[in-house]
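One structure below.
The values are calculated or read from the model by the stated rules, or taken from the named source; none is laboratory data. Treat the numbers as computed from the prediction; the structure is a model and nothing was measured. Cβ sites come from the backbone with ideal geometry, for glycine too, and all protein chains shown count toward neighbours.
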Amino acid sequence: MKGLCIFSVDLDDWYHVGWIAGRRSTLLKSSDEAKRLYSGEGLRGPTMTLLRLFEDFGVRTTFFTQGEIAQEYPDLLETIIAQGHEIGSHDLHHISPNVRSIEKFSEDVTESVAIITKITKEKPTGYRSPNGEFSEAHVNMLQELGFKYDASVYPCVPIPGHYGRPFAPTQPYRPSRNNLSKRDPSRQFTEFPFAVVPILRIPGGSSWYLRNLGLNVCKLAMRSQLRRGVGCFNMHPYDISDRVPSFPGLPRHVFKKVGSEMLSLVKSLLRYLEGRSVFVPFSECIDEI
């Protein structure tokens, strides 16, 4: 039996990268500052490339967008919806929830939902945290706001200064309100964790790991999760852009292999997953949990 593969996309541009802005310790005060200082390709070109690639491989998935990106590219969201994909919320701006009060978080997410709903005529039911930095309080607030799922947990060894919940389930689950690493089967809310390599808990479910750790690590992580039911991977349009600017002070690994080399890696991974899974958006997996 084939597993369910969710090959999701965060509609982030290069200047949303957490090493540049949006976290407690970054090179610049805001992504707006980076956008003003440096030019790039923008989201339209690489996103359309991804949409064509997904059509070739029969991929239907979830695109998470910030409210600010939805306002800048409303026609792109309409195209994504028209091609059978789901739109989820990636907050209002690419700022980690942990650097805001819970009240501000609620306001921002509510505004992002209003923006997305106005454009797509569909209210998003899923959320992904910018930078993967969030807490139980944020997930509890998402449920209060009407969301049905979150897709932000990395059930991996801790990555210093970033994320990592080494004891969290590696398959979709109903999280406890008090501890995201524990289950609460009675809860009507689903957490979708990123794919990790079994036992070692090395992350392999997102594009940074594909670019830096290599194709085989991501194959192993996805294969192990698909055999158990659901495998979750994530990438960004800037991963395949040939026009990501050089940025002083940024570690080399941040944009390592972006562009045509990464596009080739994505094609190879999709080719590998194609015969082992059915590609679906997050919302279509909830009833399977």
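Below, the figures for the structure above:
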{"quantity": "Helices (runs of 4 or more DSSP H) enclosed by segment 1-118 - at least 3 residues per element that are over 21 Å from Pro245 (Cβ atoms)", "calculated": "44-57, 67-72, 74-82"}
{"quantity": "Residue check for Gly42: modelled with pLDDT of 85 or more and either buried (at least 16 other Cβ atoms within 10 Å of the Cβ) or polar (S, T, N, Q) (or both)", "calculated": "yes"}
{"quantity": "Residue list for segment 126-156, restricted to those being on the phi < 0 side of the Ramachandran plot, in contact with a Lys or Arg (Cβ under 7 Å, 6 or more places away or on another chain) and either surrounded by fewer than 20 Cβ atoms within 10 Å (Cβ to Cβ) or assigned to a helix (DSSP H, G or I) (or both)", "calculated": "Glu136, Asn140"}
{"quantity": "Count - residues of segment 184-202 that are under 12 Å from Ile289 (Cα atoms) and in contact with a Phe, Trp or Tyr (Cβ under 9 Å, 6 or more places away or on another chain)", "calculated": "5"}
{"quantity": "Helices (runs of 4 or more DSSP H) (entirely within segment 188-279) containing at least 2 residues that are hydroxyl-bearing (Ser, Thr, Tyr)", "calculated": "207-212, 260-274"}
{"quantity": "Pair list, Cβ < 6 Å and 6+ apart or interchain, from segment 141-160 residues that are of a type in the set (Lys, Arg) to residues that are not in a helix (DSSP H, G or I)", "calculated": "Lys148/Thr125"}
{"quantity": "Cβ-Cβ under 8 Å pairs, at least 6 apart or on other chains, segment 95-110 side farther than 13 Å from Ala137 by Cα, far side part of a helix (DSSP H, G or I) and of a type in the set (A, V, I, L, M, F, W, C)", "calculated": "Val109/Met141; Val109/Leu142"}
